[in-house]
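Computed from the coordinates by the stated procedures, all read-outs in this text should not be read as laboratory data. Keep in mind that this is a model prediction, so the values were computed, not measured. Here Cβ is always computed from backbone atoms with ideal geometry, including for glycine, and neighbour counts include all displayed protein chains.
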Amino acid sequence: MKKYTYTESKDTRSGFGDAMTELGESHPNVVALCADLVGSLKIAPFIKNHPERFIQTGIAEANMMGIAAGLTIGGKIPYATTFANFGSGRVYDQIRQSIAYSDKNVKVAVSHAGLTLGEDGATHQILEDLAMMRAMPNMTVINPCDYNQTKAATKAVADFEGPVYLRFGRPVVPVFTPADQKFEIGKAWMVNEGKDVTIIATGHLVWEAIKAGEALAEEGIDAEIINIHTIKPLDTAAILKSVKKTKCVVTCEEHQANGGLGDAVAQTLAQEFLAPQEYIAVKDSFGESGTPEQLMVKYGLDSKNIIAAVKKVIARK
């Protein structure tokens with residue numbers, strides 16, 4: 001198992017904020033919109049440097065999506081920012097009708113996704129957003145794993161033409177991907193090559209998969225770990241190449257089991273190469289208040305549950 005070490009931990013939303021600061025200098029057409037959550041989205045430096053390129057919509061997320069769509073007509077590259085719950089569930093109709101249907105170049109950038117929002121509880125812990133956005137025609141869906149990857153993804157989508165749903169979070173997590181990485185939309189990132197089982201993870205669960213892989217290696221199980229940061233378009237070639245080698249797969253996501261990364265992988269395997277699959281995901285349930293660590297354990301998203309799923313799926317081969 002390849003060893004991954006880290007010297008610091010940061011929240012992925014700070015990767016977004018720091019990338020926006022840099023985009024403010026390098027991309028004059030980038031504009032930011034926010035629904036009264038500037039501090040949470042870490043875009044205060046962008047606003048300070050470029051106040052004329054910022055629109056505070058207030059708590060009016062649907063209106064923000066409409067404004068963002070309109071800005072693209074004049075050649076602007078709008079980043080519409082809010083919490084993931086408010087940037088998907090609350091405004092699905094506006095995203096569908098005003099952005100995706102006409103293929104507008106809007107970047108819906110959302111923080112505080114998943115269970116690791118923690119103490120804010122079930123009403124804010126969106127666990128259905130990847131499924132919703134994955135089903136949307138014309139929508140690219142990205143869910144990076146750490147600060148560096150979020151920063152790289154934020155900058156990459158500025159040069160990508162079309163609607164993007166960019167998802168990141170609040171908790172502090174290890175920074176283990178390279179600071180100088182090239183982010184390729186739709187291209188999987190090989191974390192560790194192995195031969196016994198494929199572990200496909202996204203977002204915060206990539207680090208949990210690495211911890212699981214290290215523990216499994218001590219038991220003689222050689223896990224291939226793949227970071228799928230782009231849920232749509234999915235890198236089906238990388239998935240099939242790996243699963244054809246290992247003959248089994250565990251998918252890991254901070255999201256409902258229904259409709260997310262696991263189902264995207266299952267759809268690919270059903271069409272191309274049947275193999276046993278186990279899901280690490282929330283099983284048709286809303287969240288609750290608690291620390292991120294407590295919730296990850298309670299809802300079965302931590303490395304120990306990944307290890308158990310790996311042993312189960314290997315037994316099914």
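May I ask you to derive the relative contact order of the range 10-174, considering only C-alpha pairs under 8 Å and at least 6 residues apart, and to give it as an integer percent?
On the way: 337 pairs, mean separation 49.8, N = 165.
Once divided by the residue count of the range 10-174, the mean separation gives 30 percent.
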query: By what distance, in whole Å, do the Cα atoms of the range 189-315 stretch along each of the three principal axes, largest value first?
result: 40, 33, 25
message: Over the chain, what is the relative contact order in percent, taking alpha-carbon pairs closer than 8 angstrom and at least six residues apart?
response: 19 percent
- request: Highest first, please rank the peptides 246-253, 261-268 by the mean number of other Cβ atoms sitting within 10 Å of their residues.
  value: 246-253, 261-268
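On full extension of the chain, what length is gained from Lys304 through His27, given 0.36 nm per residue of separation minus the C-alpha to C-alpha distance?
Values: separation 277, 0.36 × 277 = 99.72 nm, distance 4.32 nm.
Fully extending the segment from Lys304 to His27 adds 95.4 nm.
From the cross-link list Lys151/Lys211; Lys76/Lys187; Lys2/Lys48; Lys2/Lys182, which pairs have alpha carbons spaced over 31 Å apart?
Working: Lys151/Lys211 23 Å; Lys76/Lys187 26 Å; Lys2/Lys48 42 Å; Lys2/Lys182 20 Å.
Those over the limit are Lys2/Lys48.
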message: Can you compute the modelled spin-label distance between Asn63 and Glu119, with each label point 7 Å from Cα toward Cβ, in nm?
response: 3.1 nm
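About the Cα centre, and with charges only on the beta carbon of Lys, Arg (+1) and Asp, Glu (-1), how big is the dipole of the range 189-315? Nearest 20 debye, please.
Roughly 320 debye for the range 189-315.
Suppose R0 equals 22 Å; then what is the FRET efficiency for Glu218 and Val172 from their Cβ-Cβ distance, rounded to the nearest 0.05?
Details: r = 27 Å, r/R0 = 1.21.
My answer for the efficiency is 0.25.
Would you tally the net charge around Asp11, using a Cβ to Cβ cut-off of less than 10 Å, leaving Asp11 out, and scoring K and R as +1, D and E as -1?
Values: positive: Lys10, Arg13, Lys42, Arg170; negative: Asp146.
Around Asp11, the surrounding residues sum to +3.
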- prompt: Kirkwood Rh, the range 10-174, all Cα pairs: how many Å?
  reply: 15.2 Å
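How far, in nm, would the chain grow between Thr291 and Ile55 when pulled straight, counting 0.36 nm per residue and subtracting the alpha carbon separation? Before the final figure, lay out the partial values.
On the way: separation 236, 0.36 × 236 = 84.96 nm, distance 3.28 nm.
Here the segment from Thr291 to Ile55 would lengthen by 81.7 nm.
Given R₀ = 30 Å, what would the calculated FRET efficiency be for Lys283 paired with Ala135, taking r from the Cβ atoms and rounding to 0.05?
On the way: r = 20 Å, r/R0 = 0.67.
The pair Lys283/Ala135 has a calculated efficiency of 0.90.
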field: 11 Å beta-carbon shell around Met20, net charge (K/R +1, D/E -1)
entry: +3
field: Placed amide H near Gly194: partners under 5 Å, 5+ positions off or other chain
entry: Glu224, Ile225
- prompt: If the chain between Gln97 and Asn258 were fully stretched, how many nm would it gain, using 0.36 nm times the residue separation less the Cα-Cα distance?
  reply: 55.6 nm
- prompt: Once the other residues with Cβ under 12 Å from the Cβ of Ile77 are scored (Lys, Arg +1; Asp, Glu -1), what is the net sum?
  reply: +3
